[in-house]
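Undergrad: Have a look at this one.
The values are calculated or read from the model by the stated rules, or taken from the named source; none is laboratory data. Quick caveat: nothing in here was measured; it's all calculated off a predicted structure. Neighbour counts run over all protein chains shown; Cβ positions are idealised from the backbone, glycine included. Side chains are part of the model used for accessible areas, which takes the heavy atoms of the whole protein and leaves out ligands, DNA and RNA. Shrake-Rupley method; radii C 1.70, N 1.55, O 1.52, S 1.80 Å.
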Amino acid sequence: MHSRGTANSSASSKPAIVVLGDSFTFGMGVNDGEEYVSVMDSLLNEQYNVVNAGCGGWGITQEIRRFYDFGVHYSPKFVVIQFASNDPEDNLNYRVTRIENGKFVFENSNNSLNWLKKYLSTSIVQRSQLYNYFRERMYALMKDRHVDEVTQVIEAGFDGGPRPEEVFHNQLLELFARDLKERGIVLIMIAVNDALTNFPSIRRKVNELDSVGLLHYLEVKDWMKTDWLSVEGRHWNARAHAVIGRELARFVGEFEARQH
C-alpha cells in the first residue's frame, strides 16, 4: 500500500502522527518533500514519526478504513484528518465504511463507476472521436444514478433537515472521534480553505465535537497571509504546505507542553 512522504516503519520507537486526507494531503501539485506532512516530519522528527496516509479523491469513508487497515498499526498518539468540499459526495460514491450497531463495518464498494472507467479505458470506442463525449456523458449519468441509489438508503427518516451526505459524514466523524478518544489518540482536523462553509451541518458537528474535546479543529485559512494555490489553481502550493506543516507542528508541540 503506497503512502507518499514519510511512512516509516511501524516498529519505530518514536510515537506516531498519522495524517489522513485526499490529494491535498497526498501533496498533489508540489514536489516530494514539500507536502505539509513532510514539513511536519522535518520539524518534529526528533519526537515523532509522521506518516502520510493521504490518497487523492478520498472522503472520510475511505480515510477511516485506511486508518484501521493501516494507520492503527503505528500506534499513533495523534491523528490529523483533512476535509475537502468533495468529501460528502465521495462518501456516497465510494462507501467502504458504514456503521452498524455503533461500530464500523468495512465492505467493498459496489460502485459501478469503477467498472465503467475500466471498460471505457480499454473499449474500441476510445479510438473514436466520440470517445471523450461518450465517456463524460455516461460517467455523469452513472454517477448521478449511483448517488441517487445510495442517498435513498441513507435518506431513511430524512425530515428536511441536513442533507443525507452531511448526516452520513457527521455519523462517521463522530464515531471515529469517540473511538480515537477511547484509545487515547488526539484527533486534529483541518479543512481546505472555506471548505466547511457550504456544509453548515458538518461545521456545527465539528464545532460540537471540538467543544467537548473529541477533536481539535484548526482553521487553515487563518494561517494564510499570501496566495496559497498551486500553479494549476486547484491545490495548495509549496508555500501553503510550509505554513500548514509549521502550524500543525506548533500545535502538537504546544499540546504536549500543556500535558506536562
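Undergrad: Specify the residue that is most open to solvent (accessible area, probe 1.4 Å); the eligible residues are those in segment 181-237 that are among the polar types (S, T, N, Q) and in contact with a helix residue (DSSP H, G or I) (Cβ under 9 Å, 6 or more places away or on another chain).
TA: THR197
Undergrad: Considering each residue of segment 85-102, count those that are in a strand (DSSP E or B) and without any contact (Cβ under 8 Å) to a residue 60 or more places away in the chain, and give that number.
TA: Counting residues in segment 85-102 that are in a strand (DSSP E or B) and without any contact (Cβ under 8 Å) to a residue 60 or more places away in the chain gives 2.
Undergrad: Could you grab the pairs with beta carbons closer than 8 Å, sequence gap of 6+ or different chains, first residue in segment 160-183 and in contact (Cβ under 8 Å) with a residue 40 or more places away in the chain, second one aromatic (Phe, Trp, Tyr) and assigned to a helix (DSSP H, G or I)?
TA: These pairs meet every condition: PHE176/PHE67.
Undergrad: Which condition breaks for ILE64 when tested against (1) part of a helix (DSSP H, G or I); (2) within 16 Å of PRO15 (Cα to Cα)?
TA: It is condition (2) that ILE64 fails.
Undergrad: Is one or more of the residues making up segment 36-45 open to solvent by 50 Å² or more (accessible area, probe 1.4 Å), closer than 17 Å to ILE190 by Cβ, out of contact with any Cys (no Cβ under 7 Å at 6 or more places or on another chain) and touching a residue at least 12 places away in the same chain (Cβ under 8 Å)? Working first, answer last.
TA: The initial filter retains those residues of segment 36-45 that are open to solvent by 50 Å² or more (accessible area, probe 1.4 Å), namely 42-43, 45.
Add one more test, that the residue is closer than 17 Å to ILE190 by Cβ, and what stays is 43.
With out of contact with any Cys (no Cβ under 7 Å at 6 or more places or on another chain) added as a condition, the list becomes 43.
Retained after the next criterion (residues that are touching a residue at least 12 places away in the same chain (Cβ under 8 Å)): 43.
Within segment 36-45, one or more residues are open to solvent by 50 Å² or more (accessible area, probe 1.4 Å), closer than 17 Å to ILE190 by Cβ, out of contact with any Cys (no Cβ under 7 Å at 6 or more places or on another chain) and touching a residue at least 12 places away in the same chain (Cβ under 8 Å).
Undergrad: Can you give me the ranges of the helices (runs of 4 or more DSSP H) entirely in segment 156-260 with at least 2 residues that are touching a strand residue (DSSP E or B) at 6+ places or on another chain (Cβ under 6 Å)? It would help to see each step written out before you state the result.
TA: Numbers: elements: 164-182, 200-211, 238-258.
In segment 156-260, the matching helices (runs of 4 or more DSSP H) lie at 164-182, 200-211.
Undergrad: Continuing with the same structure: Scan segment 28-51 and give yes if some residue there is among the hydrophobic types (A, V, I, L, M, F, W, C), assigned to a strand (DSSP E or B) and in contact with a strand residue (DSSP E or B) (Cβ under 7 Å, 6 or more places away or on another chain), otherwise no.
TA: yes
Undergrad: Let me ask something else. Quick test of your reading of the structure: ASN132 fulfils all but one of (1) in a helix (DSSP H, G or I); (2) under 20 Å from ARG98 (Cα atoms); (3) at pLDDT below 95. Name the failing condition by number.
TA: ASN132 satisfies every listed condition except (2).
Undergrad: Could you give me the residue pairs with C-beta distances under 8 Å whose first residue belongs to segment 55-84 and is in contact (Cβ under 8 Å) with a residue 12 or more places away in the chain and more than 24 Å from GLU165 (Cα to Cα), whose second residue is hydroxyl-bearing (Ser, Thr, Tyr) and open to solvent by 10 Å² or more (accessible area, probe 1.4 Å) wherever it lies, and which are 6+ apart or on separate chains?
TA: Cβ pairs passing all conditions: PHE70/SER3; HIS73/SER10; TYR74/SER10; TYR74/SER12; SER75/SER10; LYS77/TYR48; PHE78/TYR48.
Undergrad: So the check is Cβ under 6 Å with 6+ separation or different chains; which pairs have a first residue in segment 236-248 that's over 16 Å from ASP22 (Cα atoms) and in contact (Cβ under 8 Å) with a residue 12 or more places away in the chain and a second one that's open to solvent by less than 30 Å² (accessible area, probe 1.4 Å) and part of a helix (DSSP H, G or I)?
TA: Sorted first by the residue in segment 236-248, then by its partner, the pairs are ALA242/VAL39; LEU248/MET40.
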